[in-house]
1. Once you charge only the Cβ atoms, +1 for Lys and Arg and -1 for Asp and Glu, what is the size of the charge dipole of segment 181-260 about its Cα centre, to the nearest 20 debye?
2. Nearest 20 debye, what's the magnitude of the dipole of the chain about its Cα centre given +1 on Lys and Arg Cβ and -1 on Asp and Glu Cβ?
3. Express as a percent, rounded to the nearest 5, the fraction of DSSP beta bridges in the chain (both residues included) that run antiparallel.
4. Pull up all non-local amide H partners of THR171: gap of 5 or more, or a different chain, and H-to-H distance under 5 Å with H placed in the peptide plane.
5. Would segment 11-102 count as rounded, prolate or oblate if I go by the C-alpha gyration tensor, calling it rounded below 1.5 in a/c and otherwise prolate when a/b exceeds b/c, oblate otherwise?
6. Could you list LYS321, LYS392, LYS407 so that the one with the fewest beta carbons within 10 Å of its beta carbon is first and the one with the most is last?
7. Quick check on the exposure proxy: order SER319, SER454, SER471 from fewest to most C-beta atoms within 10 angstrom.
8. Quick one: the Cα spread of segment 454-577 along its three principal axes, in angstroms, biggest first?
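What follows draws every value from the coordinates through simple rules; no lab data is involved. For clarity, every value in this text was computed on a predicted model and none was experimentally measured. Note that we place each Cβ from the backbone using ideal geometry, even for glycine, and neighbour counts take in every protein chain shown.
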Amino acid sequence: MSDTKPDTKTLHAAFAAKVDAVLSALEMEGSLPPETPRGNVTVEPPRDPSHGDLSTNAAMVLAKLAKTNPRALAEKIIEHLARDPDITETSIAGPGFINLRLADNAWERELAAIAELGTDYGRSAMGAGQSVNIEYVSANPTGPMHMGHARGAVVGDALGTLLAFAGHDVTREYYVNDAGSQVDTLARSTHIRYREALGEDVGAIPEGLYPGDYLKPVGEAAKAEFGDRYRGAPEAEWLDLFKAFAVDRMMDLIRSDLALLGIEHDVFASEAALQAAGKPEQAEAWLRKHDLVYDGELAPPKGKTLEDWEAVELPLFRSTKFGDDQDRPIRKSDGTWTYFGADLAYHLQKAESSDALIDVWGADHAGTVKRIKAAVAALAQGQDKTIPFDVKLVQMVHLMRDGEPVKMSKRSGNFVTIAEMVEEVGKDVVRFTMLTRKADAQMEFDFAKVVEASKDNPVFYVQYAHARICSTLRKAAEEDVAPSGKALKRLGGDEWTLVSQAAQFPRIVEAAAAAREPHRIAFFLYELAAAFHTYWHGGNEDAGKRVIVAQDNELTSARLFVVDSIGQVIRNGLALLGVEAVEEM
C-alpha cells in the first residue's frame, strides 16, 4: 500500500472538482458571472495522448458567458491550475482546449484508490437511488429461448447490473404475453402432444401449430397431471386449463434457459393478470377523460380502396398528437384489446412504481416506439410526474460457422436455442460477444471465431489478460514476493500509461450508465487488455521492463501492485457484463 491515504474520489472526478473550484474562484474574481452554468464542462482524456493526461473544454463552453474569447479565458483558468502540485504542465490547444499533464503523485493515489475500493472501484452514486424498471426478453411463452432472444437478454441484464453499479434502484422485469392467440395455439399444440403421450398416433403436427419436440415433455407432464380425462373432450372443456398449464411449463423452461446465461428477473408480469385486474380499462378511462382517446374510424390501409374496406368505429389513441403518423386503436372490432392497448396499460402499471422505464426490444418493433412513448408520456401526466422512458432496440444476430450460415436446430423445429449455444461455446463467450457491438448495430456470431485464441477475439483477449496477471502473481508468490505500494516512486512512464488507462473506468461507468449502453464497458476492457498486453510484451524485449525483476524485490513489488490493480479493474468490468474473470487458460 502507498503511504498516501487513498482518496475515494477517483482521478477524473477529483480533477473535475479541481476545475470546478477554479471556475468558482473566477466567479469570485468577476471573470465569470455568478452561478455560471457548468453542465457542459467536461474533464476527460484528450483524443491524442501526446497532448497530455487530461483535457477540459471549460474555456470553450464558458467564454461567451464571460464575454471574452476562449483562449483568453483559458489563460485565466491555467493561471489557477498551474499552482496545483498534481499538475506538472498546462497548455492551450486549438481555439481554447486546456490540456493537463499530471504528476506521478496523482497516479499513485489512483492506484491506492483501486486497492482501497477493490470491487467498489468505479461504483457511482450518480443514480441517487432513482428506481428504474428494465423490461427485457419478454418472449412469448410458446417455446424455449433461442438466439433471437439472446442478444436482448444479455443487453438488458448487463444494463441492469451497470445501472445498479451506478447508483440506481433497478427492477428487472419480464412481461409474459399469456393473453392472445399465440397462447391458444400453444394450448392446442400441447393437447396434441398430450394425446401422443397417451399412446395415440397423432401423425404430422397440423399447419399453424407449434411442431417442436420441446413440447413432448409438456405433453408427458399433462398426462401425469390429468390422466386421460381430456383425450377426447371438446376443446371448450380443456382450452383454458391447457393454456395455463402450458404457459407455466414454458415459463419454467424459459427461466431455465435464461439461467444458463446467468440471467434472473425480479418480476414476471402477466398480461392475462393485467387484463383481469382491469388495468386496460383504467388506462382507457383516464385517456378519455383527457381527450386522448376518442371513437373514430381508421383510414383504409395502403392499397385498399373504399369499396373493399369496411370502416369500423374503434377507440383510437391520439398518437398523432405526439408525432405518430396516424392515431392507433386500443381495442379490436370484437372488443378485445389490441397489442398496443394492452401494452399501454402495462406501462401504466410499471410507471406507478418506478421513476424511469427502459424497454429492450428487438429492432423489428421499431415502428411502435413512437406511439408507446407517446402513450407513456400521456399517462404520466395523470400522475403529475414525468416518466423518463427509453427504448433500446437490439438488432438480430446472424449465426455463422466458419463464415457460413448455421443450419437450424432439428430439436427445436426452426431455431438454434440458447441452451445449444451455451453448451457449445459457454456462457461467458455468449455474453461478452453480445456486448462487443452497439445494440442497434448488426452482428454476426461465428461459432468458430468466438472461441478463437487470438487478439481478434475480444473475450479471449480480455480473459487472457486477467489470467496472465493471475499467473504473474502466483509466480511471484512462489518466490515470496507480494504486491506493495511502498516503492511506487521507482515506477516510470510505462506503468503510469497503464494506470492512466485503468483510471478511466469510473468515468466510463458513468458515461455508459447515462447513455444506457453497456457495450462501452466491453470496449473499455478490450482497450485496457491491449494496454496491459503491450506493457507485458515490453518485458520480452527488455528484461529490465519485466514485472518480476530478478534480484530487485522492491521494484518487483511495485510493479506487482500495478498489475494487481489492473486485474481488479478487469474483474470489476467483467462483473458488470456478467462474465467470469478466469485465473488460468
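1. The dipole magnitude comes to about 100 debye.
2. 840 debye
3. On the way: 22 of 45 bridges.
Among the beta bridges of the chain, antiparallel pairing accounts for roughly 50 percent.
4. Placed amide hydrogens put VAL132, ASN133, ILE134 under 5 Å from THR171.
5. Prolate shape, in that a/c is at least 1.5 and a/b is the bigger ratio.
6. Going from sparsest to densest Cβ surroundings: LYS407, LYS321, LYS392.
7. Going from sparsest to densest Cβ surroundings: SER454, SER471, SER319.
8. That gives 48, 30, 23 Å along the principal axes, largest extent first.
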